[in-house]
Amino acid sequence: MAQTARIFPFLRRQSPPENPERTQLMESLAHTRMLLNQAYSGFNNAGDGDLIESYVYEINALHARYNYLLRRVKELEGTG
C-alpha cells in the first residue's frame with residue numbers, strides 16, 4: 001500500500017468540499033440562463049408591440065441578474 005501511495009500520490013487527495021454559496025450561485029446562474037432562453041424565444045415569437053416591449057424589459061432584467069451572479073461567483077473564486 002505504501003508503494004502504491006508513492007506511485008499514485010493523487011489517490012490519497014480528496015477534492016475540497018464545495019462551497020455552498022458558490023453552489024447556490026451556480027444553480028441560480030443556470031436557472032437565469034434558462035429564463036433568458038425562454039424570454040428570447042418569447043420575444044422572437046411575439047407579434048404584439050406591448051408583448052415585445054415586455055420581453056425587452058424581461059431580457060434586460062435577466063441580463064442584469066446574470067451579470068450580478070457572475071460577478072459574485074468571480075468574487076468568491078478570487079478572480080474578480
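Screening segment 16-41 for residues that are free of Cβ contacts under 8 Å to residues at least 24 places away in the same chain and surrounded by 12 or more Cβ atoms within 10 Å (Cβ to Cβ) and picking the one that is nearest to residue 78 (Cα to Cα) gives 24.
Looking only at segment 33-80, how many residues end up being assigned to a helix (DSSP H, G or I), at pLDDT below 95 and β-branched (Val, Ile, Thr)? Qualifying residue count for the region: 1.
The values are calculated or read from the model by the stated rules, or taken from the named source; none is laboratory data. Treat the numbers as computed from the prediction; the structure is a model and nothing was measured. Please note: Cβ atoms are built from the backbone with ideal geometry, for glycine as well, and neighbour counts cover all protein chains shown.
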